[in-house]
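Novice: My questions all concern the structure below.
The values are calculated or read from the model by the stated rules, or taken from the named source; none is laboratory data. What you are looking at is a predicted structure, and each value in this text was computed from that prediction instead of being measured. Methodologically, a virtual Cβ is constructed for each residue, glycine included, from the backbone with ideal geometry; neighbour enumeration extends over all protein chains shown. Accessible surface is based on the protein model in full, side chains and every heavy atom, while ligands, DNA and RNA are left aside. Shrake-Rupley method; radii C 1.70, N 1.55, O 1.52, S 1.80 Å.
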There are 4 protein chains.
Amino acid sequence: MKTVQTAVIGCGYWGPNLIRNLHEEPRAHVRYVCDVNPARLEAIKRRYPSVKTVADSRAVFDDPNVEAVFVATPVETHFDLASAALKAGKHVLVEKPLTDSAASARKLIALAERCKRVLMVDHTFLFTAAVQKMKEIVESGELGEIYYIDSVRVNLGLFQHDINVVWDLGPHDISIANYLLDRAPERVSAVGASHVSRQIEDVAYVTLYYPGNLLAHFHVNWLAPVKVRQMLVGGSRKMLLWNDIEPSEKIKVYDSGVTVRPMPDGRPDKGDVYKTLIQYRTGDMLAPRLENIEALSRVVAHFLDCIETGREPLTSGRVGLEVIRVLEAADRSMKMHGEAVNL
Amino acid sequence: MKTVQTAVIGCGYWGPNLIRNLHEEPRAHVRYVCDVNPARLEAIKRRYPSVKTVADSRAVFDDPNVEAVFVATPVETHFDLASAALKAGKHVLVEKPLTDSAASARKLIALAERCKRVLMVDHTFLFTAAVQKMKEIVESGELGEIYYIDSVRVNLGLFQHDINVVWDLGPHDISIANYLLDRAPERVSAVGASHVSRQIEDVAYVTLYYPGNLLAHFHVNWLAPVKVRQMLVGGSRKMLLWNDIEPSEKIKVYDSGVTVRPMPDGRPDKGDVYKTLIQYRTGDMLAPRLENIEALSRVVAHFLDCIETGREPLTSGRVGLEVIRVLEAADRSMKMHGEAVNL
Amino acid sequence: MKTVQTAVIGCGYWGPNLIRNLHEEPRAHVRYVCDVNPARLEAIKRRYPSVKTVADSRAVFDDPNVEAVFVATPVETHFDLASAALKAGKHVLVEKPLTDSAASARKLIALAERCKRVLMVDHTFLFTAAVQKMKEIVESGELGEIYYIDSVRVNLGLFQHDINVVWDLGPHDISIANYLLDRAPERVSAVGASHVSRQIEDVAYVTLYYPGNLLAHFHVNWLAPVKVRQMLVGGSRKMLLWNDIEPSEKIKVYDSGVTVRPMPDGRPDKGDVYKTLIQYRTGDMLAPRLENIEALSRVVAHFLDCIETGREPLTSGRVGLEVIRVLEAADRSMKMHGEAVNL
Amino acid sequence: MKTVQTAVIGCGYWGPNLIRNLHEEPRAHVRYVCDVNPARLEAIKRRYPSVKTVADSRAVFDDPNVEAVFVATPVETHFDLASAALKAGKHVLVEKPLTDSAASARKLIALAERCKRVLMVDHTFLFTAAVQKMKEIVESGELGEIYYIDSVRVNLGLFQHDINVVWDLGPHDISIANYLLDRAPERVSAVGASHVSRQIEDVAYVTLYYPGNLLAHFHVNWLAPVKVRQMLVGGSRKMLLWNDIEPSEKIKVYDSGVTVRPMPDGRPDKGDVYKTLIQYRTGDMLAPRLENIEALSRVVAHFLDCIETGREPLTSGRVGLEVIRVLEAADRSMKMHGEAVNL
């Protein structure tokens, strides 16, 4: 495959990681880096003297050699930049969340289809060895019926000035849960509070109701003194704990659970009889080995694969839209103190 | 003070701990232990040959020598046993939750007043060195304005056959939050799911709205592969983490936080200006030394003090009632998928 | 089997645990508790009113009904008390270490044989679920060839006034290592220092050389701010970590190691060639489930079994002697700044 | 200050980190990168297109524009390369350990003095925020008299083909201990074993005897299933724990210790009297905030400062020599099964 000429728009927090990974990828070449902040461009220039640094994204869109564009700018600019890129015939990888509204996300998806270009959203976590392993375990049925997913994603800052903590951290958990469960939630209930700024929730709890009595609950928080990245997946046969802070043994599978011997009529009875029917199992714990590859390098490789083959990305525009629908519902529910919003 | 003659009704899980602590307490003597299960009584008899073991609680109530009764039976029996004890002129310490409804709790409180007897509920955690230290820190103002309380109280079982996970584990968090914040919540939103039994929630999330934009959120779960007992208290100046599983350094106070320089009109602005006004602090962490005393021995001592002095217990019937009002609201909210219930 | 009448001599730190476990054991009855300290006897009397408490051990030895004696007194008294008990025809379980010298230990072993009585030393750790599981794993060959054992057993105090930290904590590690490896060391090297008292080492490091190039190293320390109870067992195929502080997952087996492809002449070569022959494996980690039984109850049961069957205890006098020989060698080596002492 | 033209010789494991930090340092410019392995040079060229890559170090020494050379090659080559660089009038920063023998280290120091050039060894850890904080705490006297230093530095591989585990990992602990204690040890005792290769110890324990009854003990190990980087500093008044694996709270200072009230004659007595004189303190724990700066960037900056000012580096050739003297003594002691070697 010939080298794909690429451009990265936005080099604040995430952009430089993209640029670094693109340099490691033999199939890609970074032709442009674009940012409104000259200081950032200088830093890039010092590290990568061969890259063209520009302040105006039009230079990128006007260059017919550029085939693929990476949008790593603030959320409110995603739609305009991605649309312009698609209209200019570029394939686009957009930082999460895809856009700032389901409406604009739908437009973007339609546009990409019209332009026959790849539209991918960078839900990086789906490409981590940990989530890939969890997906494998869940699909194998090893956990039995999934009862709940519980995630805690908290730390001190960093604040986004344009979106709340649900829009900032929630996309990780929502995209992971949808991916693991292979379905979308029916209903969302969320509560939150704004402390540092009256307009922007900095602490929130989001509950997703999935078909089949399955709850997924996310605690997202910018005001926690410690950094926690933990997800529990409770199943009828086994249970899984993912601690992404751990340097090793990030995933632990517990051969533990509760078994209920049903009554003749198929449902457990109350009282002492009922009690005797419940049994606990505490068994071995296994921490499966995880490959040690940077997820973002896989994101880049997958994006290039999709360009080459025309295949739909694992994290397509549609996947990005599902995430945004939940985010919008969470905002609505928070304003109603937790009243559920149907999707 | 002369020795108080006591009786313990119910020696399942909690009763034996009570009996052990009563034996260590010079001001009390265990005259009776009562249980419907003969095997349990035998075990007690072997360990404490001097104790009278009886199957029928009337033997306890009819003995004029018995001054104080400890009720450690299933929740649905608390009201009847505590009422009978009070009517028989005994002081009563009831296992948490006080009763199975706010209505019966109110009756019990009124009865205790009429009988001029001490009615105390065993919210043991309020007597731990950890919670006492947390109360001291919160009251000192060291944390600044309290933003939120977040608690995770999960493990595998044990199931109560008569109450759900909120009624089983929630009273700890509710009583602690009310105690630390020195106020009662205005509104409750809760979500939950039943997996092992259709009737009884085994996973639940409860949000308490306190006056002043303050959220307290509790994750209670009987289906977790690991045991977690963790509470975060986020403040405007400092933040506190209580990990009750840790053998030492259970409480950590982080000199970390977010400071916002307000705009002339007193509220932070949006956009870049706003961003420049936010500053993060990450400072030292202090783990204060905690005394090493069993909380239940303090509960027993406090109960005896109240009998002696007539003072109202720290965990009075009123305190127990506040907890139950939240539990009832949580049940209602869960049935409405998180819709808030006002108190 | 009829109930064995027992006596416990010494109820300082360990005695009360013995007494509690003896009460739980249906095959044993505690007839006497003996201690020079009246306050301790009172505390026992309050908890176990049926027990006879005496200050003079002769009362125990003179009572023909007493069949078994538990010696839980300071080390320097072990020999006299155990000898007296054996001469009086009692079976004896002695707290570790068996005595304060190899010479006296040998005498005790000979005496027990002459008297045809059971002599057992309470190396409790060998009866824990963790050590039993480790023994099972080592014997299965799962770890391959054992390369080393490394143990850290440190905390703040408690000081023994009559023995140093090696004699206090070392017996655990020595007895475990001898048990796991099923052999005795050939050579001992130890270093230590005394800080709090000039006469008594409070920090020490002991190295045992076992046949077959196998090192066991123990760090024992009374002056550490944190409590650590950790043992590594490194093997050619897998490696094991035992963390006894953990409430669960105390044992972790790592499918990790180093493999060397030998050269034609059977030994690895140096230089680049050599490098290419070394391969690292990092695989899954398994934490096997451990039974939850108090080790001391198994010690008591095993002692009673040996009395009944006449079988030699797992922790016989001989086993206790092996431990003391290492302790004496460690003392000698420490005085010579680590110079090895052959056994 | 004008930009210093630099060259990096060796870009295996450490070299690339040096190159990256040199690129971030405005006062330095990387003119050459030298390595015998073409693949490595290509990787560097891709990342830093402006750098000249050469296979032969003579190109570096012959270029008069090069002022400073970084030697990051295998240990056995340090002396020849550093000598050549000094003779060519370059300032030299050498990866640790400085050389493979005290004799060659002395020659290098003498040569640097004759050439009036800066000779610095890269004992990176001395420039970490953690060690700087520890030094500050030790010097403040907060810990009281230092009793011992205990370090555990273990993990799985990586193997050096030319040096054993003591020469590979030991320099970190030796340089840190000498720095914290501000003195050199008098005596060394070490034990070790070779498993993977008969010639090269892969597990070792090194004890340093410092003046004043102070032990420093290091466990270095290439065959451990888990990575541990932990150092204890025990003092008469407080104790410090450094866990370098922790993402935060790397350093914890425990206000814990043992106090002995001396007898009239100034020394504690034995027996019960003695016991009553010992008191334990367990107090608060403080985890001081640490700055978040990469140590290697400080190493580079310090090296440039010394070139500019002619000041002797914190990690001068002399400091590097002290480390090597201990390494040689440890090798000798290991061959004698722990017999102490005087320095």
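Novice: Restricting to region D:14-70, name every residue that is over 25 Å from D:Phe125 (Cβ atoms), within 12 Å of chain A (Cβ to nearest Cβ) and charged (D, E, K, R).
Specialist: Matches in region D:14-70: D:Glu42, D:Lys45, D:Arg46, D:Arg47.
Novice: Related question: Condition first: touching an Asp or Glu at 6+ places or on another chain (Cβ under 6 Å) and without any contact (Cβ under 8 Å) to a residue 60 or more places away in the chain. Now tell me which residues in region D:287-318 satisfy that.
Specialist: D:Ala287, D:Arg289
Novice: If you don't mind, there's one more thing I want to ask. Those residues that are under 28 Å from C:Asn221 (Cα atoms) and open to solvent by less than 20 Å² (accessible area, probe 1.4 Å), I need them from region D:107-128; list them, please.
Specialist: Of everything in region D:107-128, just one residue is under 28 Å from C:Asn221 (Cα atoms) and open to solvent by less than 20 Å² (accessible area, probe 1.4 Å), namely D:Leu126.
Novice: Filter region D:15-35 down to the residues that are touching a residue at least 12 places away in the same chain (Cβ under 8 Å) and open to solvent by 50 Å² or more (accessible area, probe 1.4 Å) and list them by number.
Specialist: Residues satisfying the conditions are D:Glu24, D:Pro26, D:Arg27, D:His29, D:Arg31.
Novice: Restricting attention to region D:221-234, does a residue exist that is at negative phi, within 7 Å of chain C (Cβ to nearest Cβ), surrounded by fewer than 24 Cβ atoms within 10 Å (Cβ to Cβ) and among the β-branched types (Val, Ile, Thr)?
Specialist: Looking for residues that are at negative phi, within 7 Å of chain C (Cβ to nearest Cβ), surrounded by fewer than 24 Cβ atoms within 10 Å (Cβ to Cβ) and among the β-branched types (Val, Ile, Thr), one finds at least one in region D:221-234, hence yes.
Novice: With the condition kept exactly as written, say whether any residue in region B:36-43 is open to solvent by less than 30 Å² (accessible area, probe 1.4 Å) and either in a strand (DSSP E or B) or at pLDDT 95 or above (or both). First the steps, then the outcome.
Specialist: Initial filter on region B:36-43 (open to solvent by less than 30 Å² (accessible area, probe 1.4 Å)): B:41.
Then drop every residue that is not either in a strand (DSSP E or B) or at pLDDT 95 or above (or both), which leaves B:41.
Among the residues of region B:36-43, at least one is open to solvent by less than 30 Å² (accessible area, probe 1.4 Å) and either in a strand (DSSP E or B) or at pLDDT 95 or above (or both), which makes the answer yes.
Novice: Given (1) surrounded by fewer than 24 Cβ atoms within 10 Å (Cβ to Cβ); (2) closer than 22 Å to C:Asn17 by Cα, where does C:His78 come up short, assuming only one miss?
Specialist: Condition not satisfied by C:His78: (1).
Novice: Can I ask one more? Looking at A:Gly266, A:Gly271, A:Gly257, A:Gly317, which is the one that is of a type outside the set (Ser, Thr, Tyr) and at pLDDT 95 or above?
Specialist: A:Gly317
Novice: Also, quick follow-up: Any residue in region A:46-61 that's farther than 9 Å from A:Cys34 by Cβ: show its pairings with residues that are open to solvent by 60 Å² or more (accessible area, probe 1.4 Å) at Cβ separation under 6 Å, as long as the two are six or more apart or on different chains.
Specialist: Going by the 6 Å Cβ cut-off, the qualifying pairs are A:Pro49/D:Ser50.
Novice: Okay, moving on. Taking the options A:Ala216, A:Ala184, A:Ala177, name whichever one is open to solvent by 10 Å² or more (accessible area, probe 1.4 Å), within 15 Å of the chain's Cα centre (by Cα) and among the small types (Gly, Ala, Ser). First the steps, then the outcome.
Specialist: Values: A:Ala216 fails: open to solvent by 10 Å² or more (accessible area, probe 1.4 Å); A:Ala177 fails: open to solvent by 10 Å² or more (accessible area, probe 1.4 Å).
From the options A:Ala216, A:Ala184, A:Ala177, the qualifying one is A:Ala184.
Novice: Is it true that some residue in region A:99-106 is loosely packed, with under 15 Cβ neighbours inside 10 Å and not in a strand (DSSP E or B)? Don't jump to the end; show me each part of the working.
Specialist: Of region A:99-106, the ones loosely packed, with under 15 Cβ neighbours inside 10 Å are A:103.
Still in the list and also not in a strand (DSSP E or B): A:103.
Within region A:99-106 (the criterion being loosely packed, with under 15 Cβ neighbours inside 10 Å and not in a strand (DSSP E or B)), the answer is yes, since at least one residue qualifies.
Novice: Moving on to the next point. Counting just the residues of region B:310-334 that are closer than 19 Å to B:Val299 by Cβ and among the small types (Gly, Ala, Ser), which one comes out surrounded by the fewest Cβ atoms within 10 Å (Cβ to Cβ)?
Specialist: B:Gly310
Novice: So which residues in region A:139-159 are open to solvent by 20 Å² or more (accessible area, probe 1.4 Å), within 18 Å of the chain's Cα centre (by Cα) and at pLDDT 95 or above?
Specialist: Matches in region A:139-159: A:Val152 only.
Novice: To continue, here is another question. Please tell me if B:Glu291 is more than 9 Å from chain A (Cβ to nearest Cβ) and modelled with pLDDT of 95 or more. Before the answer, list the steps.
Specialist: Numbers: more than 9 Å from chain A (Cβ to nearest Cβ): yes; modelled with pLDDT of 95 or more: no.
Judged against the criteria, B:Glu291 is not a match.
Novice: May I ask you to verify whether D:Ile109 is in the same structural domain as D:Arg27 (by TED's automatic domain parsing), among the β-branched types (Val, Ile, Thr) and in contact with an Asp or Glu (Cβ under 9 Å, 6 or more places away or on another chain)?
Specialist: no
Novice: Looking at region C:167-174, can you tell me whether even one residue there is open to solvent by less than 30 Å² (accessible area, probe 1.4 Å), within 30 Å of C:Gly10 (Cα to Cα) and in contact with a Ser or Thr (Cβ under 7 Å, 6 or more places away or on another chain)?
Specialist: Yes, that holds for at least one residue.
Novice: Among the numbered criteria (1) surrounded by fewer than 18 Cβ atoms within 10 Å (Cβ to Cβ); (2) modelled with pLDDT of 95 or more, which single criterion is violated by D:Asp162?
Specialist: Among (1) surrounded by fewer than 18 Cβ atoms within 10 Å (Cβ to Cβ); (2) modelled with pLDDT of 95 or more, the lone unmet condition for D:Asp162 is (2).
Novice: Which one is surrounded by the most Cβ atoms within 10 Å (Cβ to Cβ) among residues in region B:236-260 that are more than 9 Å from chain A (Cβ to nearest Cβ) and in contact (Cβ under 8 Å) with a residue 60 or more places away in the chain?
Specialist: B:Ile251
Novice: Can you name the residue in region D:44-74 that is part of a helix (DSSP H, G or I) and at pLDDT 95 or above and is also most open to solvent (accessible area, probe 1.4 Å) among such residues?
Specialist: If we filter region D:44-74 for residues that are part of a helix (DSSP H, G or I), which is where we start, we get D:44-47, D:58-62.
Pick out the ones that are also at pLDDT 95 or above and you get D:58-62.
On the way: D:Arg58: 149, D:Ala59: 42, D:Val60: 0, D:Phe61: 26, D:Asp62: 113 Å².
For region D:44-74, the residue satisfying everything is D:Arg58.
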